[in-house]
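Participant: Next up is a structure, given as structure tokens.
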Amino acid sequence: MNKYSRKPGLCVPVAAAVILLTGCATQSPPLYQWTGYQPAVYDYLNRGKAPQEQIDALENALEEIQSKGHTPPPGFHAQLGMLYASTGNAERAMREFGAEKELFPESAPYMDFLTKKSQ
Amino acid sequence: MSKLLSFRLGIALSALALLAACAQPVKHTDYTAFRNSRPRSILLLPPTNATTDVNATNSMLSQMTMPVAEAGYYVVPVAVMDETFRQNGLTMAADIQATSPAKLREIFGADAALYSDITQYGTVYRVLDSATVVAASAKLVDLRTGDVLWRGHASASSNEGNNSSGGGLIGMLVAAAIKQVVNSLTDRSHDIAGVTSYRLLHGGPPDGLLYGPRSPRYETD
């Protein structure tokens, strides 16, 4: 088995513990639900998984995040969009770039750059 | 006699100076430039890697978003950024970090960029025990002016939890991770890197990033 092919949920306990500890220190809830995002970034950087497998992992995580009424972290929708673009699904890619922009207007210049490239 | 006295006095004074130096309060971070800049979005550039472990850069980079985003900043999507650099022929962290601030701002639209360097990553084997240690340093640079806004460094070790404190942060994190996924043992460096990343880039005084606009604590620090 590839050293880098970690299960999607692998970093979640660590992430959860860090957030828990942060929460203790600052008395405020986390701004985002981190389910699956950073492991997905790790998977992408290590290039050990097929795009569709990465899409499925992110879509599952998104479903979990949204079912709890939480917000995915910055970059989540953009990465999903990039993965859709790499599988030739330009329409879904645009939708995800749009979702990133809507959640985080700060992302507008880069999302516009990506949108232009993917069209 | 007076010679001996002055000699003793000399020793006493140097001992005092030495102790005073030790006792000096921890130097507080100067937040003046950071406060004036007030960045909203941060680009996390891939860290350069001074270690022999080729996995260090990806491991750290993939875990740097959480502390910075939770501190209240928009973080430019890390994997997408990596792909953009790749498509422009840039794959090495050192080359990427050499890109001009103006160009980075033009493409990514970020207000500031974080330049970081991994100085230690992996397991050190000693006679009596071994420890997995990850250490890194970083600076935050305003992409509009080129000013350095903040500097920091941090490290974490798998041995921290073995102290008399009975557990500690690392112990808790590693125990939590192992409980869930036994496989975690094979990639302990990656888990430790997550702690280092959090310690390096968390928001709040005395040495963390200032809280950003998306934090309820924005402008309270």
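Participant: Looking at (1) at the interface with another protein chain (Cβ under 8 Å from one of its Cβ atoms); (2) in contact with a strand residue (DSSP E or B) (Cβ under 8 Å, 6 or more places away or on another chain); (3) more than 16 Å from B:T196 (Cβ to Cβ), which is the only condition B:L61 fails?
Facilitator: With (1) at the interface with another protein chain (Cβ under 8 Å from one of its Cβ atoms); (2) in contact with a strand residue (DSSP E or B) (Cβ under 8 Å, 6 or more places away or on another chain); (3) more than 16 Å from B:T196 (Cβ to Cβ) applied to B:L61, the lone miss is (3).
Participant: Find the residue count for region B:167-220, including only residues that are in contact with a strand residue (DSSP E or B) (Cβ under 8 Å, 6 or more places away or on another chain), farther than 19 Å from B:K139 by Cα and either at pLDDT 95 or above or not in a helix (DSSP H, G or I) (or both).
Facilitator: 3
Participant: Within region B:48-72, count every residue that is closer than 17 Å to B:H202 by Cα and within 16 Å of the chain's Cα centre (by Cα).
Facilitator: Residues in region B:48-72 being closer than 17 Å to B:H202 by Cα and within 16 Å of the chain's Cα centre (by Cα): 12 in total.
Participant: Residues being within 11 Å of chain A (Cβ to nearest Cβ) and surrounded by fewer than 18 Cβ atoms within 10 Å (Cβ to Cβ): count how many of those fall in region B:189-219.
Facilitator: So the answer is 4.
Participant: Next question. I need the full set of residues from region B:97-117 which are over 26 Å from B:P213 (Cβ atoms) and in contact (Cβ under 8 Å) with a residue 12 or more places away in the chain, in order please.
Facilitator: Listed by number, the list holds a single entry, B:D117.
Participant: For region B:98-116, which positions are crowded, with 19+ Cβ neighbours inside 10 Å and more than 9 Å from chain A (Cβ to nearest Cβ)?
Facilitator: If the condition is that a residue be crowded, with 19+ Cβ neighbours inside 10 Å and more than 9 Å from chain A (Cβ to nearest Cβ), then B:L104, B:A112, B:A113, B:L114, B:Y115, B:S116 are the ones that fit.
Participant: What is the residue count in region A:38-56 for residues that are crowded, with 24+ Cβ neighbours inside 10 Å, within 7 Å of another protein chain (Cβ to nearest Cβ) and of a type in the set (A, V, I, L, M)?
Facilitator: Within region A:38-56, residues that are crowded, with 24+ Cβ neighbours inside 10 Å, within 7 Å of another protein chain (Cβ to nearest Cβ) and of a type in the set (A, V, I, L, M) number 1.
The values are calculated or read from the model by the stated rules, or taken from the named source; none is laboratory data. Quick caveat: nothing in here was measured; it's all calculated off a predicted structure. Heads up, the Cβs are rebuilt from the backbone with ideal geometry, glycines too, and the neighbour counts pull from every protein chain shown.
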